[in-house]
Amino acid sequence: MKRGSLLILSGPSGVGKGTVVKELRKRNDQIWLSISATTRAPRPEDKDGVTYWFKTKAEFEDMIAKDQFLEHACYSGNYYGSPEGPVDEMLRSGRDVVLEIEAQGALQVMQRRPDAVSVFIIAPEFSQIRQRLLHRGDTTGDDLEKRIATARWEYTQAPKYDYIVVNDRVEDCADEIMAILAADKCKAEYRKELLKEDD
Ligand code: 5GP
């Protein structure tokens, strides 16, 4: 069976990555979203084991010590990381895997998995990031300012990604990412076996 594609999806908090992933999964329910571990406090809409694996700092650091993460980073004062085992299991079973992660983690995955395809999602205007975070209502005060400052740094990293996609209409954004996934599967290095002559 052919391995699935590993898709890194980054972009500042508030850019609408979650909505984009939902739209991608509507188009293809075989796309699997990696469930990250985090030490941040759950929000009302969070469910342990569904949106995140919620961990204490000690539990998270134990996972780091046991080398269980494909990547991990500290973001807005909390740890976030992608457990490596389930990602590889899904890829081996032929499913496409999405890592919805911030830029420090994305850069680690680009180093460790050169075959990963990376997409950075931006807002049509930078100022919309603040508006979207305020509108979401779960980020205020200090955390809001930290996330905006981080978004500025993340924008400086965007040229290191394979692709930049603008999230104006979520459907258009998902169309472009589906096209990127389709193109990834057509890469010559994955299609060499199709070049054999039949006899
Ligand atoms: P939130 O607290 O809003 O759920 O997530 C904050 C940021 O952490 C978002 O940019 C999100 O994409 C990122 N994030 C979520 N899971 C991971 C992960 O496993 N690794 C890394 N590096 N970032 C993550």
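Taking the Cα atoms of the range 30-138 alone, what are Rg (to one decimal) and Dmax (as a whole number) in Å?
14.9, 41
Taking all protein chains as present, what is the carbon and sulfur share of the accessible area of the range 46-104, in % to the nearest whole number, probe 1.4 Å?
50
Please list, in order along the range 35-45, the HN-Hα scalar couplings obtained from phi with the Karplus expression 6.51 cos²θ - 1.76 cosθ + 1.60 (θ = phi - 60°), rounded to whole Hz, x for Gly and Pro.
The phi angles translate into 8, 7, 9, 8, 9, 6, 6, x, 8, x, 7 Hz.
List the aspartates and glutamates whose alpha-carbon lies under 15 Å from that of K66, not counting same-chain residues fewer than 8 positions away?
Those aspartates and glutamates meeting the cut-off are E84.
Between the alpha-carbon centers of the range 14-29 and the range 82-128, tell me the distance in whole angstrom.
Centre-to-centre distance over Cα atoms comes out at 14 Å.
Which loop trypsin sites (Lys or Arg not before Pro) in the range 29-128, with loop taken from DSSP, have no more than 10 other Cβ atoms within 10 angstrom of their Cβ?
K47, K66
Is the shape of the range 22-74 best called rounded, prolate or oblate, per the rule: a/c under 1.5 gives rounded, else a/b larger than b/c gives prolate, else oblate, with a ≥ b ≥ c the square roots of the Cα gyration tensor eigenvalues?
oblate
Tell me, which longest segment in the chain has none of the GluC sites (Glu not before Pro) that fall in DSSP loops with at most 13 further Cβ atoms within 10 Å?
Longest run free of exposed loop sites: 46-124.
Which whole number in µm²/s is D for the chain by Stokes-Einstein, with the Kirkwood Rh taken over Cα pairs at 20 °C and 1.002 mPa s?
Values: Rh = 17.7 Å.
Answer, rounded: 121 µm²/s.
Restricting to DSSP H runs of at least four residues, report the calculated mean residue ellipticity at 222 nm for the chain, -39500 (n - 2.57) per run over all residues, nearest 500 deg cm²/dmol.
Here the helix-only value at 222 nm equals -13000 deg cm²/dmol.
From the cross-link list K2/K187; K22/K187; K17/K185; K17/K47, which pairs have alpha carbons spaced over 20 Å apart?
Over 20 Å apart, Cα to Cα: K22/K187; K17/K185.
So what is the diffusion coefficient of the range 94-135 in µm² per second by Stokes-Einstein at 4 °C and 1.567 mPa s, using a Kirkwood Rh over Cα pairs?
Details: Rh = 12.5 Å.
This corresponds to a translational diffusion coefficient of 104 µm²/s.
The values are calculated or read from the model by the stated rules, or taken from the named source; none is laboratory data. Since the model is a prediction, treat every value here as computed from it, not as a measurement. Cβ sites come from the backbone with ideal geometry, for glycine too, and all protein chains shown count toward neighbours. Surface accessibility is based on the protein's heavy atoms, side chains included, excluding ligands, DNA and RNA. Shrake-Rupley method; radii C 1.70, N 1.55, O 1.52, S 1.80 Å.
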